Amino acid sequence: MTTNSSPAQTLSPTKQALLALREMQSKLEASEYAKREPIAIVGMGCRFPGDADTPEAFWKLLRDGVDAIKSVPADRWDIDDYYDPDPDSPGKIYSRYGSFVSQIDGFDPGFFGISPREALSMDPQQRLLMEVSWEALEQANQNPEDLFNSPTGVFVGICTNDYAKVVLGSEDNHNIDAYFATGNTHSVAAGRLSYALGFTGPSIAVDTACSSSLVAVHLAVQSLRSQECEVALAGGVNLLLSPQTSITFSKARMMSPDGRCKTFDAAADGYVRGEGCGVIVLKRLSDAVAAGDNILAVIKGSAINQDGPSGGLTVPNGPSQERVLRQALANGQSKPADIDYIEAHGTGTSLGDPIEVEALGSVFGRDHSPEKPLLLGSVKTNIGHLEGAAGIAGIIKVVLSMQHNIIPEHLHFREPNPHIGWGNLPIKVTAKKTVWERNGKPRAAGVSSFGFSGTNAHVVLEEAPATEVKKTDVERPLHLLTLSAKSPTALQDLVGRYQTHLSSQPGATDFPSICFSANAGRAHFNHRLSLVAEAATDAAQMLSAHVQGEDPSGVFEGVTGGAAPSVAFLFTGQGSQYCGMGRDLYETQPRFRAALTRCDQLLRPMLKQPLLELLFSSEDTTAALNQTANTQPALFAVEYALAQ
C-alpha cells in the first residue's frame, strides 16, 4: 500500500501546529531582519576641496590636518567687487573665503553620450555627479555595463542652482535653449545619471538644505531594505558659482568673517561655504558578502525628522536632535555605549554648537565617562560647510578613519565654547589626531546633518565585518593587465596613471588584484591596451617604455569596433606531443586544471596508463605518450583544456 502523505501530515495535530508555528516564526524573523539588515558600503568617490579628488587624497588631507579654505577664486566671481566688511552693506559679502574644487569645466560629455551643445546647458553639478558616480562604481569594482537595465537606485542631495543664475544673469533670453530645463532641474541630476547608465531603480533628488545628502543616504538604505533596488548610489553635490546665496547668508550673519569653521570653540562666529561631491555605492550586507565585494564599512541604522515648532524657522531644535539620534540607534539595534565617535554637523555657530552638544550629552552621556568619553569632531573645520554635500563628506571621513584606525584632528579648536557645559559632559573634541581603539567591540560612529529647513538626519556606521578572503593556492607566473578608454588621449592618460601607481610603491602593490579588477571590474571601451607581466615593477617599466614611444615586447595596443568577432581554435595534430606539456597551466590555471582533470577521469577506462600520469609523471613517459592510442586522447585533452 502506498501513500502520498507528506511527513508533516503523519504527525499529530499538536506537533503539526508546533511545526507551523516554528515556520511562521522563522518567516517573521527573516522579515524583521530584512527591515534592519546592515547596508554595506562597497565603493566611494569624491571631489572635495584641497585637491582631494579621490578617497586616498581626501584621507591625506585629513591625516595631515590640512585647512583647505582659500579666497574666492576668480573663475567663480570677483570677490573684490562683492567684499565689504560691513554686514549691512547692500549687495556685499563680509567674508572673502570659501572652499573650492578644481577643474569643474573639464567634463568629457562624449564619455557619457552627451553632445557638447547639451553639455553647455548642463549645471556643472550634474557633470560632477556623473563623473564621481562613475569613479565610485569603479572603486567598488562594479562594471557599470553589468548594471545596465538593473534595479539600481540613485539618491542625490542637491540644493543650489547657481548655474541657472549665471545663465540668466545677463537677462539675455538667447542663452535659454532646449537643454536649459533638463540641464538645471534638480530632479534631472538623479534622472540623467540613471538614464546614462541604464539604471531602472528609484531615482530621487533630495533638497533638505544642509542635510540633503545624509537624507539621500537614509532613503537609499530604506530602498535597499525594502527590495526596491539591489544596488544604490547615494551622495550629494554642491558648487558655488554665483555670489547671490553668499550675499543672503551674509545678511543673515551666518558666515564667519575669517572664513573658518571654529566648531565648538569660544571664537565660533559662523561657517564658511564650501563645495564638492561625494558618492557611495551601497548593497545589502548579505548580497555584498555573497558577491565577495570589498566592504569598506556598514550602515547599521539611520533616521530623519523635523524640528517642528522651534525657536525660529532656521533655529535648531535640541529635543528633535535627540529624537533623531535615538531613532537611528534603534533602527540599527545599536546602543549609545556602542558609539565611539560622532562626526558632528558642527557648523561653528554660537547658537547651533551648544544645542548639538547638549543633545549628544543627553543621548550618550550616561553610557560614556571622562575616562572613555564620546569623541567629537567635524570635517567642516577642514573643508568648510559643503551644504547639500556636507553629510556625505562626513560619512566618507568616518569610513576612511575606520580603515586607518585614526580619527583626524579637528581644526581651530583652541578654547572650548563657554556656553557648553563641558564639565558635565563625557565628551571630548578630537583636537589632536587620535588613535581609534576597538575596546573589545567593532568601531562605530554616528554622522549628523541638520538642515536650516529643519530636517535632521543621523546615520550610524560600523566598521566592516571580518570576512574570509577566498585565496587560491595557485600562483600564476604571469598576469594580464587590460586598459581601455573611449579616445586615444584618454587611453594614454589612463596608461600614465597606472604607470605612476605601479611604480610608486611596487613592493606594496597587489599586482594580481589590480589586474583582476581592471579585467573584471571595469567597463571595456574601444581604444585598448594590454600587457603580460610577472610583477608590478615589470608592468610599470613596460608602460613607461610605451609612454615614451617605444614598442616594448608584451604590450599590445589597438582599436576594436562593431560586434565581437567569432572565435575559432586551431591546434596542431600528432607529432606535437611531449612529456610535461601544459604542466605550468595545470599548476597555475584553475579552469585548465579542472578541464584536464575531467578528461583524465573520463579516459581512465580506456587508457592503460592514466592521462595525468602520461603527461606529468616524474618518469620519462615519452615512449608511451608517442603511442597513437595515447597521443590522440592526450592532445585532445590538452587542446580542450586550452579552449576552456
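The values are calculated or read from the model by the stated rules, or taken from the named source; none is laboratory data. Note that the coordinates shown come from a computational prediction; the quantities given were computed from them, not determined experimentally. Glycine gets a Cβ as well: all are built from the backbone with ideal geometry, and neighbour counts include every protein chain shown. Protein only, heavy atoms only, side chains kept; ligands, DNA and RNA dropped before computing areas. Shrake-Rupley method; radii C 1.70, N 1.55, O 1.52, S 1.80 Å.
Under a straight-distance cross-link criterion of Cα-Cα below 18 Å, which lysines are reachable from Lys92, leaving out those fewer than 8 residues away in the same chain? Within the straight-line limit of under 18 Å, Lys92 reaches these lysines: Lys165, Lys251.
Can you pull a Stokes-Einstein diffusion coefficient for region 346-492 at 20 °C (1.002 mPa s), Rh from Kirkwood over Cα pairs, as a whole number of µm²/s? Walk me through the numbers before you get to the answer.
On the way: Rh = 18.4 Å.
After rounding, the answer is 117 µm²/s.
Averaged over its residues, region 586-644 has an accessible area of 58 Å² per residue, based on protein heavy atoms and a 1.4 Å probe. For region 134-239, taking the reciprocal of the average inverse distance between every pair of different Cα atoms yields a Kirkwood hydrodynamic radius of 14.7 Å. Peptide packing for 59-68, 455-464 was compared via the average number of neighbouring C-beta atoms within 10 Å per residue; ordered from the highest value, the list is 455-464, 59-68. What FRET efficiency would be calculated for the residue pair Asp86, Leu351, taking the C-beta separation as r and a Förster radius of 22 Å, to the nearest 0.05? In this case the efficiency is close to 0.50. The ellipsoid that matches the Cα gyration tensor of region 303-428 has semi-axes, each √(5λ) in whole angstrom, of 20, 18, 17, with the longest given first.
Considering Cα pairs under 8 angstrom that are at least six residues apart, work out the relative contact order of region 227-346 and quote it in whole percent.
On the way: 110 pairs, mean separation 27.1, N = 120.
With pairs under 8 Å counted, the relative contact order is 23 percent.
Overall dimensions of region 521-644, expressed as equivalent-ellipsoid semi-axes from the Cα gyration tensor (√(5λ), whole Å, largest first), are 37, 18, 14. Given the convex hull of the Cα atoms of region 589-638, what is a quarter of its surface area in nm²? Taking the Cα atoms of region 589-638, their convex hull projects to 3.4 nm² on average. Here the spin labels are modelled as points 7 Å beyond Cα on the Cα-Cβ line, and at Arg117 and Ser487 they lie 1.9 nm apart.
With viscosity set to 1.567 mPa s at 4 °C, what whole-number translational diffusion coefficient in µm²/s follows for region 493-583 from Stokes-Einstein and a Kirkwood radius over Cα pairs?
Numbers: Rh = 15.8 Å.
Once the numbers are plugged in, D ends up at 82 µm²/s.
How much accessible surface does Leu635 have with a 1.4 Å probe, in Å² rounded to 10? Accessible surface of Leu635 is approximately 10 Å².
Determine the gain in length on full extension of the stretch Asp584-Glu415; use 0.36 nm per residue of separation and subtract their C-alpha separation, reporting nm with one decimal.
Details: separation 169, 0.36 × 169 = 60.84 nm, distance 6.68 nm.
So the extension gain works out to 54.2 nm.
Taking the protein heavy atoms of region 28-133 in the context of the full set of protein chains, the accessible area attributed to carbon and sulfur is 50 percent at 1.4 Å. In order along region 218-235, phi translates into HN-Hα couplings of 4, 5, 5, 4, 4, 5, 5, 5, 8, 6, 6, 9, 9, 9, 9, 9, 9, x Hz, rounded to whole numbers, per the Karplus curve 6.51 cos²θ - 1.76 cosθ + 1.60 with θ = phi - 60° and x for Gly and Pro.
Per residue, the accessible area of region 11-146 comes to 50 Å², computed with a 1.4 Å probe over protein heavy atoms only. Note: relative contact order over region 269-417, using C-alpha pairs below 8 Å and six or more positions apart, is 31 percent. Compared with the alpha-carbon gap, the fully stretched path from Thr572 to Gln644 is longer by 24.2 nm at 0.36 nm per residue. Taken along the Cα-to-beta-carbon direction at a fixed 7 Å, the label points for Ala196 and Ala181 span 2.1 nm. Loop-located trypsin sites (Lys or Arg not before Pro) across region 233-292 with a Cβ neighbour count of 14 or fewer within 10 Å are Arg253, with loop assigned by DSSP.
Please report the carbon-and-sulfur percent of the accessible area for region 596-636; probe 1.4 Å, protein heavy atoms only, DNA, RNA and ligands left out. Its accessible area is 54 percent carbon and sulfur atoms.
May I ask you to list the lysines whose Cα is less than 25 Å away from that of Lys300, ignoring any residue fewer than eight positions away on the same chain? Candidates past the 8-residue exclusion: Lys27, Lys35, Lys283, Lys335, Lys372, Lys380, Lys397, Lys428, Lys441. Under the combined filter of DSSP loop state and at most 14 neighbouring Cβ atoms within 10 Å, region 312-403 retains these GluC sites (Glu not before Pro): Glu371. Applying 1/(1 + (r/R0)^6) with r as the Cβ-Cβ distance of His404 and Glu371 and R0 = 22 angstrom yields a FRET efficiency of 0.35.
Of the peptides 159-168, 518-527, 392-401, the ranking by mean beta-carbon count within 10 Å, highest at the top, reads 392-401, 159-168, 518-527.
Looking at region 402-507, which trypsin sites (Lys or Arg not before Pro) are DSSP coil and have at most 12 other C-beta atoms within 10 Å of their C-beta? Before the final figure, lay out each step's value.
Values: sites: Arg414, Lys428, Lys432, Lys433, Arg438, Arg443, Lys470, Lys471, Lys486, Arg497; in loops: Arg414, Lys432, Lys433, Arg438, Arg443, Lys470, Lys471, Lys486.
Sites meeting the loop and neighbour criteria: Arg414, Lys432, Arg438, Lys470, Lys471.
The residues of region 395-471 expose on average 48 square angstrom of accessible surface per residue, using a 1.4 Å probe on protein heavy atoms.
For region 413-484 versus region 574-625, the inter-centroid distance based on Cα atoms is 53 Å. Neighbours of Leu585 by Cβ distance under 15 Å: Lys/Arg scored +1, Asp/Glu scored -1, total 0.
Entry for region 21-169 at q = 0.18 Å⁻¹: log10 I(q)/I(0) = -1.27, Debye formula applied to identical alpha-carbon scatterers, no solvent contribution. Taking the DSSP beta bridges with both ends in the chain, the antiparallel portion is around 70 percent.
Ignoring ligands, DNA and RNA, what percent of the accessible area of region 148-200 is carbon or sulfur (1.4 Å)? Of the solvent-accessible surface of region 148-200, carbon and sulfur hold 56 percent. For Lys262, the aspartates and glutamates whose Cα falls under 17 Å of its own Cα, not counting residues fewer than eight places away in the same chain, are Asp67, Glu343, Asp353, Glu356, Glu387, Glu409, Glu415. For region 117-246, the relative contact order works out to 38 percent when only alpha carbon pairs closer than 8 Å and six or more residues apart are counted.
Using +1 at the C-beta of Lys and Arg and -1 at the C-beta of Asp and Glu, which of Val298, Ser286, Ala268 has the Cα lying farthest in the positive direction of the dipole of region 257-337? Value: Ser286.
Where does the chain land at 222 nm, in deg cm²/dmol rounded to the nearest 500, when only DSSP H runs of n ≥ 4 count, each adding -39500 (n - 2.57), divided by all residues? Spell out each step's value before the answer.
Values: 23 runs with 243 residues, N = 644.
So the calculated ellipticity at 222 nm is -11500 deg cm²/dmol.
Which value in nm describes the separation of the simple spin-label points at Lys60 and Ser618, placed 7 Å from the Cα toward the beta carbon? Simple spin-label model gives 5.2 nm for this pair.
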